[in-house]
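Novice: Handing you a structure now.
The values are calculated or read from the model by the stated rules, or taken from the named source; none is laboratory data. Since this is a predicted model, take the numbers as computed values, not measurements. Counting neighbours? That spans all protein chains shown, and the Cβs are built from the backbone with ideal geometry, glycine included. SASA here: full protein model, heavy atoms, side chains in, ligands and nucleic acids out. Shrake-Rupley method; radii C 1.70, N 1.55, O 1.52, S 1.80 Å.
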Amino acid sequence: NRREFESQLRGHVAAASRHNNPLSVFMFDLDHFKTVNDTYGHLGGDQVLKEVCHLIRENMRKEDILARYGGEEFIAILPETDKPHAMELADRLRAKIAALRIPFNNNALRITASFGVAQLSANTDMSRLVEDADTMLYKAKLNGRNTVMPGLIKVCPPKTNLETDTAHKDCFLN
């Protein structure tokens, strides 16, 4: 699965670069998943993984690619998708996961997820794209979980003297 995912990502990165199209990825991790396994056993954990994957696939486009990246960590390739749209999708999925009630042994299990989003840029290769998404996922976890963190963003000063601040004009929306 990992090798196939990397092959798919390599192809999408090459195509996006060649045609100058946007390409984003997101990584997500199920928050406190170890507690689910410890409380409900691996069968409970497996049920959570199956339900979450089904929900994610039902809410993504056919051309998007979802893969398991590690234990309870997943990654998605979003062809022809810029970062704002990838963040919007990730947040929609995050909310749907949080609202999910997973039946297991007369219980309704609940889980949340944290997402990290990154977009391919001119100076980014495949490894860096995944690394950026992973870094943002880590920041989402540090930020309290059940959240979406974007890729590396420009930090701008407070909005003061908008008319005269030419050094930071690219920070402000017109």
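Novice: Report, in listed order, any pair from LYS96/LYS139; LYS62/LYS141; LYS50/LYS96 with a Cα-Cα distance greater than 23 Å.
Specialist: LYS62/LYS141, as the Cα separations exceed 23 Å there.
Novice: Then there is this: Take ALA95 and LYS62, extend 7 Å from each Cα along the Cα→Cβ direction, and tell me the distance between the two endpoints in nm.
Specialist: With each label placed 7 Å out from Cα toward Cβ, I get 2.7 nm.
Novice: How much area per residue is accessible in the chain when the probe is 1.4 Å and only protein heavy atoms are counted (Å²)? Don't skip to the answer; put the middle values down first.
Specialist: Numbers: 10340 Å² over 174 residues.
I get 59 Å² per residue for the chain.
Novice: Can you pull the accessible area of LEU43 for me, 1.4 Å probe, Å² to the nearest 10?
Specialist: Rounded to the nearest 10, the figure is 130 Å².
Novice: Let me ask something else about it. With a 1.4 Å probe and every protein chain kept in, tell me what percent of the accessible surface of the stretch 94-143 is carbon plus sulfur.
Specialist: 44 percent
Novice: Next question, about the same structure. Rounded to the nearest 20 debye, what is the charge dipole size of the chain about its Cα centre when +1 sits on each Lys and Arg Cβ and -1 on each Asp and Glu Cβ?
Specialist: In total the dipole reaches around 240 debye.
Novice: Helix-only estimate, please: 222 nm mean residue ellipticity of the chain, summing -39500 (n - 2.57) across DSSP H runs of length 4 or more and dividing by its residues, to the nearest 500.
Specialist: Computed mean residue ellipticity for the chain: -15500 deg cm²/dmol.
Novice: Can you pull the accessible area of THR35 for me, 1.4 Å probe, Å² to the nearest 10?
Specialist: Near enough 80 Å² of accessible area.
Novice: Related question: Sort GLU80, GLU51 by heavy-atom solvent-accessible area, probe 1.4 angstrom, most to least.
Specialist: On the way: GLU80 135, GLU51 55 Å².
From most exposed to least exposed: GLU80, GLU51.
Novice: Same structure, new question: Of all DSSP beta bridges in the chain, what percent run antiparallel (nearest 5)? Intermediate results must be reported in sequence, preceding the final value.
Specialist: Details: 22 of 24 bridges.
Within the chain, antiparallel bridges account for around 90 percent of the total.
Novice: Tell me, which longest segment in the chain has none of the trypsin sites (Lys or Arg not before Pro) that fall in DSSP loops with at most 16 further Cβ atoms within 10 Å?
Specialist: 1-60
Novice: So, one more: Taking the Kirkwood radius as the inverse of the mean 1/r across Cα pairs, report the Rg/Rh of the chain.
Specialist: Ratio of gyration radius to Kirkwood radius: 1.04.
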